[in-house]
Amino acid sequence: MRPNPLCVNLTGLRLDNPTMLASGILGYTVETMKEIEKNGAGAIVSKSIGVKPRRGYANPTVVQVNGGLINAMGLPNPGIKEFEGEIRHAKQVLTVPFIVSVYGYSAEEYAEVARKAADAGADAVELNVSCPHVKETGSEIGQTPQILAGVIRKVKAAVKTPVFAKLSPNVTSIVEIGEAAVKAGADALTATNTVRAIAIDVETKMPILFNRVGGLSGPAVKPIGLRCVYDLYERVKVPIVGCGGVTNWQDAVEYLLAGATAVQVGTAIATEGPAVFRTLSHGISSYLKRKGYERVEDIVGLSHKR
Amino acid sequence: MSACRTKGNWLRTTRILDVKVESPTVKTISFKDRLCAEAKPGQFLMLWIPGVDEIPFSILGGNASGVVRVAVRKVGDATRALHKKKTGDIIGIRGPFGNSFSLSKGKVLMVAGGTGTVPLLFLAKTLLSRAKVTFVLGAKTRKELIFMDEIINGLSKDKLRLITSTEDGTCGIKGLCTQPVEQVLREEKPDMVYACGPEQMLLKTFEMCQKHGTKLEVSLERLMRCAIGLCGSCTIGKYRVCTDGPVFTKKQLQETRAEFGLSKRDFDGHKVRV
């Protein structure tokens, strides 16, 4: 049998294709995650889970703008104690790799949640060190190399599974942050989380989101995410997962050419429907055939050749 | 963003045109919104109360000049704030969202509990020319039977049979509105049942329709945040109520028996009783 040309190895995880469900989208329940798998996702990332349950912000939590969405959900999640059951269930039901997104207010909290997630069966953990709209976690951890490195070292000491660090684009130098993450032991980098943004209603003169500020996703951020992946690929050796505005196969191929091993998809599920995963895979597959490449891994980083 | 799937998702502000008291706990609010005025029965909108919250409402139809109505029952902080709003106050609108009821011919039975009457009244008006409607309208007490005049005046007498029920017996049959349903199913053998209201009522109606082999569509309510199928707050089984629903068929309800009538997701994503 001819090997599957879309298959990628991501830190030892085998993905049948390089598309993944991005964190924060749907990932509360196994049933909805299974639906995304049926629609062709090569891996699933859960919602970000913390030590304790969190209700998130009041609505409006999402507002549409030109080229995308701004959201400030506020990390709603049931807490790791409750989510452990969901992880165990997910491992029985899902056939693709299942990655649990983790957040915390300290290195110890990140490590605790990561350890419990891994013990419950998570194939990998992705550290949310980049959420732009919750105080004292997310990007407040991930924008300082020393703090980020401390978190990653603690997590690495607590789990045997691969550890992904999801980086924020809201920094002066994502390369500096990425290098610090890799030096501290990160097995892969996800680039990037949403771009800090705001929308104001002119009639009421009020910010629309309840939290006022949120994170921009969708087509508008793709060139930013792409640049982050491109810059990181020049300097780090670990696999990079592209995230930000992937809507069609050309977007996905751009990320691969920039140096991503896989891409994550979120906002496009609203505009294209859950079948977007299959559409992306078909498109990437046709591209490979047309250009004469045998495997998707053959095109990773090709745009760096001068 | 491209894509027709999120057409209507742009938030626009509009002024309240009218506020009408329907019962001690329910007010209808009307405002102009071209997109939502073209909504189909069963679809919903997100209404922004600036500085307070944004909550979902079933659409009570729109008229040719683009005026839309929603019914607001005072149940929490957001609806309390909305009850204080007056003509001329600014609100924000997104939508319409979700699927809609199928348009059945022949004999139909509508089972409406409380503000669940809203989408069914809209549907009944739409079906007027093609179906004979038996409308079961239930509430806790006579004063809470909303839209009764509108149901009677809006639908011709030979096409409509109205059955009312109240839990305290102050109007119509004493008890829950599912009480007369069994009899109607047996005697009238409707071609289709539509239901909207408290989930226990929907579950009972579902069980009776299973027993009688009658087609059924219900409108479900869950916590809504994004309304465009991303956040996962409103899921039931494999379905997202905001985009796969809010209208579900008997077959789909059968698939979600682990949750339908039992549990929903709370703000932090964990299961709570409905």
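Among the residues of this structure, B:ASP244 does not count as one that is in the same structural domain as B:LYS140 (by TED's automatic domain parsing) and in contact with a strand residue (DSSP E or B) (Cβ under 7 Å, 6 or more places away or on another chain).
Against the criterion of being assigned to a helix (DSSP H, G or I), of a type outside the set (Val, Ile, Thr) and at pLDDT below 95, A:GLU140 qualifies.
Restricted to segment A:209-249, and to residues there that are among the β-branched types (Val, Ile, Thr) and surrounded by 24 or more Cβ atoms within 10 Å (Cβ to Cβ), the residue that is nearest to A:GLY74 (Cα to Cα) is A:VAL221.
Can you list the helices (runs of 4 or more DSSP H) found entirely within segment A:205-306 that contain at least 2 residues being under 27 Å from A:GLY185 (Cβ atoms)? I'd like the intermediate steps shown before the answer.
Details: elements: A:222-235, A:249-258, A:268-272, A:276-291.
Helices (runs of 4 or more DSSP H) meeting the threshold: A:222-235, A:249-258.
Of the residues that sit in segment B:168-193 and are in contact with a Gly (Cβ under 9 Å, 6 or more places away or on another chain) and at pLDDT 95 or above, which one is nearest to B:GLN254 (Cα to Cα)?
Of everything passing the filter in segment B:168-193, B:MET192 is nearest to B:GLN254 (Cα to Cα).
Within segment A:173-189, is even one residue buried (at least 24 other Cβ atoms within 10 Å of the Cβ), within 15 Å of the chain's Cα centre (by Cα) and in a helix (DSSP H, G or I)? Scanning segment A:173-189, I find at least one residue that is buried (at least 24 other Cβ atoms within 10 Å of the Cβ), within 15 Å of the chain's Cα centre (by Cα) and in a helix (DSSP H, G or I), so the answer is yes.
Any residue that is assigned to a loop (DSSP other than H, G, I, E, B) and either within 14 Å of chain A (Cβ to nearest Cβ) or closer than 17 Å to B:LEU109 by Cβ (or both) - is there at least one of those in segment B:199-211? Can you show your working first?
Quick first cut of segment B:199-211, residues assigned to a loop (DSSP other than H, G, I, E, B) only: none.
Looking for residues that are assigned to a loop (DSSP other than H, G, I, E, B) and either within 14 Å of chain A (Cβ to nearest Cβ) or closer than 17 Å to B:LEU109 by Cβ (or both), one finds none in segment B:199-211, hence no.
Looking across segment A:23-35, the residues that are on the phi < 0 side of the Ramachandran plot, within 10 Å of chain B (Cβ to nearest Cβ) and either in contact (Cβ under 8 Å) with a residue 12 or more places away in the chain or under 18 Å from the mean Cα position of the chain (by Cα) (or both) come down to A:ILE25, A:GLY27, A:TYR28, A:THR29, A:VAL30, A:THR32, A:MET33, A:LYS34, A:GLU35.
In this structure, is A:GLY104 assigned to a loop (DSSP other than H, G, I, E, B), surrounded by 21 or more Cβ atoms within 10 Å (Cβ to Cβ) and under 19 Å from the mean Cα position of the chain (by Cα)? For A:GLY104, the condition - assigned to a loop (DSSP other than H, G, I, E, B), surrounded by 21 or more Cβ atoms within 10 Å (Cβ to Cβ) and under 19 Å from the mean Cα position of the chain (by Cα) - is met.
Pull up segment B:241-274, narrow it to residues that are facing another protein chain (nearest Cβ under 10 Å) and part of a strand (DSSP E or B), then point me to the one that is modelled with the lowest pLDDT. For segment B:241-274, the residue satisfying everything is B:LYS271. If only residues of segment B:77-90 that are surrounded by fewer than 21 Cβ atoms within 10 Å (Cβ to Cβ) and aliphatic (A, V, I, L, M) are counted, the one that is farthest from the other protein chains (Cβ to nearest Cβ) is B:ALA81.
Pick from segment A:48-73 the residues that are assigned to a strand (DSSP E or B), facing chain B (nearest Cβ under 7 Å) and of a type in the set (A, V, I, L, M): which of them is farthest from B:SER233 (Cα to Cα)? Spell out the reasoning first.
If we filter segment A:48-73 for residues that are assigned to a strand (DSSP E or B), which is where we start, we get A:48-49, A:54, A:62-65, A:68-71.
Those still in the list that are facing chain B (nearest Cβ under 7 Å) too: A:54, A:62-64, A:68.
Checking the rest, the ones that are also of a type in the set (A, V, I, L, M) come to A:62-63.
Details: A:VAL62: 13, A:VAL63: 16 Å.
Within segment A:48-73, the match that is farthest from B:SER233 (Cα to Cα) is A:VAL63.
Within segment A:197-228, the residues that satisfy the criterion of being closer than 18 Å to A:LYS166 by Cβ and in contact with a Ser or Thr (Cβ under 8 Å, 6 or more places away or on another chain) are A:GLY214, A:GLY215, A:LEU216, A:SER217, A:GLY218, A:VAL221, A:LYS222, A:ILE224, A:GLY225, A:CYS228.
The values are calculated or read from the model by the stated rules, or taken from the named source; none is laboratory data. Not measured: the values here are computed from a predicted model. Cβ coordinates were reconstructed from backbone atoms using ideal geometry, including for glycine residues, and neighbour counts include every protein chain displayed.
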